[in-house]
1. Before we move on, is B:V50 in contact with a strand residue (DSSP E or B) (Cβ under 9 Å, 6 or more places away or on another chain), more than 30 Å from A:E105 (Cβ to Cβ), in contact (Cβ under 8 Å) with a residue 40 or more places away in the chain and crowded, with 21+ Cβ neighbours inside 10 Å?
2. Do we find that B:E278 is under 23 Å from the mean Cα position of the chain (by Cα), at pLDDT 95 or above and in a helix (DSSP H, G or I) in this structure?
3. Which of (1) within 16 Å of the chain's Cα centre (by Cα); (2) in a helix (DSSP H, G or I) does B:A61 not meet, given it meets every other one?
4. If you go through the range B:377-400, how many residues are within 12 Å of chain A (Cβ to nearest Cβ) and surrounded by fewer than 24 Cβ atoms within 10 Å (Cβ to Cβ)?
5. What's the number of the only condition in (1) within 29 Å of B:R99 (Cβ to Cβ); (2) in contact with a Pro (Cβ under 7 Å, 6 or more places away or on another chain); (3) of a type outside the set (D, E, K, R) that A:N277 fails to meet?
6. Say we look at the range A:126-135 and pick out the residues that are touching a residue at least 12 places away in the same chain (Cβ under 8 Å) and within 7 Å of another protein chain (Cβ to nearest Cβ); which of these is surrounded by the fewest Cβ atoms within 10 Å (Cβ to Cβ)?
7. For the range A:24-59, name all the residues that are of a type outside the set (K, R), exposed (fewer than 13 other Cβ atoms within 10 Å of the Cβ) and outside any loop (DSSP other than H, G, I, E, B).
Amino acid sequence: MKKTYINGVGCISTQKTFDTVFLEEAVYNQKDTVFTLVKPEYKEYVSPAASRRMAKGVKNGIVASALAMKDSNTEKVDAIITGTGMGCIEDSDRFLKNILDNNEEFLTPTSFIQSTHNTVGAQIALLMQCKGYNFTYVNGVVSFESALLDAKLQIEEEEASSILVGGIDENTDYTMSLYKLAGFVKNDQETPFDVLKETSTGVVYGEGASFFVLENERKESTYAQILDVEIINSLEENEVETEILAFLKTNNLQISDIDAVVLGFNGDAHFDSYYKNLARNTFAQTPQLYYKHLSGEFNTASAFGLWIASKVIQTQEIPNIIKVNSVEKPAYNTILLYNQYKGKNHSFTLLSK
Amino acid sequence: MSKGVAITGMGIISSIGNSVEENFYSLLHEKPAITRIENISTVHADVIKVGEIKKTNEELANELHLPADNNYSRTALIGTLAAKQAVENAGITSINEFRTGLISATSVGGMDITEKYYYDYFKDPELVRYISCHDGGDVAEKIAEELGLKGIVTTISTACSSAANSIMLGARLIKSGKLDRVIVGGTDGLAKFTINGFKTLMILSDGYNKPFDNDRKGLNLGEAAAFLVLESDEVVKKQNKKVLARVSGYGNANDAFHQTASSENGDGAYLAMKKAFEVSGLQPSEIDYINVHGTATPNNDLSEGRAILRIYQDEKVPDFSSTKPFTGHTLAAAAAIEAVYSVLAIQHGTVYPNLNFESPMEEFNLTPQTTLKNKNIEHVLSNSFGFGGNCSTLIFSKNE
């Protein structure tokens with residue numbers, strides 16, 4: 001069975017995560033309830049004419065995937081697999097608004113044809129002329145992990161030797177206004193926010209695109225090996241530790257083997273207890289990392305988490321801004337990521353050097 | 001040659017029936033259900049015809065015994081009905097007894113709700129509960145909850161090939177030993193969003209869709225949900241399960257040509273079929289029936305026909321037909337309902353008629369089967385293609 005290596009990464013986020021080493025310019029914004037993206041120079045990747053027609057998610061996906069390809073020095077991949085919680089919501093909102101505001105008349109198809117969830121994967125395939133396998137997963141906060149799981153399965157079963165995997169989500173003002181109304185996004189009045197100490201419900205929202213080139217061979221650019229990915233739809237708080245232990249056991253590991261754990265803390269007091277229990281007990285002696293205070297919460301924020309974990313293994317350093325505790329290890333070779341949203345869609349991802 | 005992954009249960013709801021039996025009856029008796037739209041108010045109501053399930057959301061919710069304050073979209077309602085049927089049909093009583101997953105597919109998700117309440121959310125606090133049902137994953141969440149399924153749940157959204165891809169992933173997860181059992185399929189309710197989308201693309205027929213006809217004028221949209229239960233051979237043996245048929249081949253490829261149009265020679269479609277033959281170990285000549293994607297748009301049928309001819313070269317193309325004149329094009333559910341029809345074709349030895357066909361296309365010599373035909377069917381090939389150049393092929397085989 002072939003092994004799966006992360007050989008290239010590309011990340012566009014609400015931080016400057018391109019043209020930088022590793023979060024040295026990161027800023028912890030504690031004022032805003034919705035973070036905006038730090039935009040790359042799109043024109044280096046997409047012609048201005050094409051760029052005008054493209055939604056930001058598509059553009060960010062194209063740039064992040066190009067960065068990952070360049071990083072891994074890979075020219076072609078066998079498959080493209082993406083995850084996106086909300087899909088191309090900018091075009092979808094635009095088309096729907098036109099339908100409603102114009103009583104179903106005077107519509108043009110552009111935003112409709114770009115509104116399908118697989119637009120990013122399709123546009124990348126079109127640009128790269130990649131005629132291989134092309135899947136898009138849309139299942140809340142396991143959208144990206146579903147893509148990762150699929151890619152790993154393909155490499156293990158030798159159906160593909162190199163795969164581009166990404167997580168993409170974009171925000172729109174309208175969706176954010178709905179999320180505020182529903183209480184999914186925190187109240188503006190409650191600033192300053194401190195993700196680790198919040199007592200209110202809701203989250204600070206973000207957006208982004210993170211891509212990874214996965215290959216079946218270790219090479220110079222290799223960041224880490226993906227040992228395992230597991231998705232579980234529903235778990236009670238008191239079941240998480242048992243699941244983690246079982247997950248580690250199937251990989252012949254135990255808690256003490258974990259050099260760092262990346263937890264999906266998002267500041268929702270109602271559900272962060274899933275992480276707090278682990279942080280206080282199970283992983284009390286393990287370096288703990290968090291990232292959603294930098295990326296914001298969104299369906300594929302965990303892809304930003306994987307970017308963080310990959311960088312830690314590569315640089316063997318943990319920037320202070322992502323540390324939950326002060327525990328240190330001499331080396332960061334084995335990292336576990338755990339994420340969930342509102343007690344649903346749990347995922348465990350295991351990396352090793 | 002591997003014998004493929006066992007299918008042990010099926011469930012379906014479409015415009016031609018609320019169960020597997022009803023759907024099969026309609027297919028056998030040439031009873032299509034393409035009608036004027038009733039459940040959605042649209043200015044196009046007098047122009048278009050659709051494959052609509054003639055039940056309101058309220059009626060569907062009652063069938064599921066949901067509380068009045070539920071927040072199910074139409075897609076979730078019909079999806080849950082079909083998935084429950086499939087699980088029951090497979091004789092599953094303890095859903096988490098084995099490593100069990102759910103892989104759903106949808107393209108519109110909760111769009112029917114979003115478009116109805118878009119501006120009202122801010123006026124009526126009662127509606128706020130619906131906000132979370134917009135996103136695609138919500139549908140699978142609800143199905144999993146209704147089934148009591150706790151394991152892996154995910155959703156694929158690759159436009160009109162979505163359900164083929166969910167069946168494909170399910171088969172791969174069983175084959176690799178990652179899961180013992182998986183419920184796979186797709187669901188899409190009709191929405192003003194898709195009606196207007198296809199309308200602006202000018203590929204909606206104002207009459208009845210005529211796949212592979214020279215004078216085809218486009219598609220009729222439809223709504224449906226279907227789910228299948230796939231189980232490992234170990235589970236089948238242990239529980240002495242009846243195997244309805246097997247998923248023996250699958251392939252997905254990208255046309256990499258245009259966001260919505262298919263390439264002239266059907267590269268993506270050709271590659272998807274080729275991969276499915278490789279996986280199954282079958283030769284094209286061993287296929288007894290092709291359930292074509294056959295949407296009846298000028299572009300699809302030409303591209304698909306050319307791809308089929310490329311696969312068969314000098315060999316005779318087997319009997320083929322599109323079942324979309326019966327149901328309309330049900331988007332992300334299409335490959336799932338057509339998987340059910342493919343299994344039924346194998347079980348009962350029937351090739352369904354390609355309704356509304358009159359004259360062959362002038363570009364090539366391909367004539368679909370236009371009347372019901374009874375014959376032994378060992379292998380069925382089913383195609384589904386979607387926006388973004390997404391092309392998928394599944395091969396279903398008789399359980400030997």
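The values are calculated or read from the model by the stated rules, or taken from the named source; none is laboratory data. Every value quoted in this text rests on a predicted model; they were computed, and no experiment measured them. Positions of Cβ are backbone-derived with ideal geometry, glycine not excepted, and every protein chain shown enters the neighbour counts.
1. Details: in contact with a strand residue (DSSP E or B) (Cβ under 9 Å, 6 or more places away or on another chain): yes; more than 30 Å from A:E105 (Cβ to Cβ): no; in contact (Cβ under 8 Å) with a residue 40 or more places away in the chain: yes; crowded, with 21+ Cβ neighbours inside 10 Å: yes.
The answer is no for B:V50.
2. Numbers: under 23 Å from the mean Cα position of the chain (by Cα): yes; at pLDDT 95 or above: yes; in a helix (DSSP H, G or I): yes.
Yes.
3. (1)
4. Going through the range B:377-400 one residue at a time, the tally reaches 0.
5. Unmet condition: (2).
6. Within the range A:126-135, the first condition is being touching a residue at least 12 places away in the same chain (Cβ under 8 Å), and the residues that meet it are A:127-128, A:130, A:132-135.
Those left that are additionally within 7 Å of another protein chain (Cβ to nearest Cβ): A:130, A:132-135.
Details: A:C130: 21, A:G132: 23, A:Y133: 28, A:N134: 30, A:F135: 30.
By that ranking, first place goes to A:C130.
7. If the condition is that a residue be of a type outside the set (K, R), exposed (fewer than 13 other Cβ atoms within 10 Å of the Cβ) and outside any loop (DSSP other than H, G, I, E, B), then A:E44, A:P48, A:A49 are the ones that fit.
Residues are listed down the side, and each one gets a yes or a no for (1) in contact with a Lys or Arg (Cβ under 9 Å, 6 or more places away or on another chain); (2) under 25 Å from B:A307 (Cβ atoms); (3) at pLDDT 95 or above:
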residue: B:N196; (1), (2), (3): no, no, yes
residue: B:T200; (1), (2), (3): no, no, yes
residue: B:K210; (1), (2), (3): yes, yes, yes
residue: B:D215; (1), (2), (3): no, yes, yes
residue: B:L230; (1), (2), (3): yes, no, yes
residue: B:N240; (1), (2), (3): no, no, yes
residue: B:L244; (1), (2), (3): no, no, yes
residue: B:G251; (1), (2), (3): yes, yes, yes
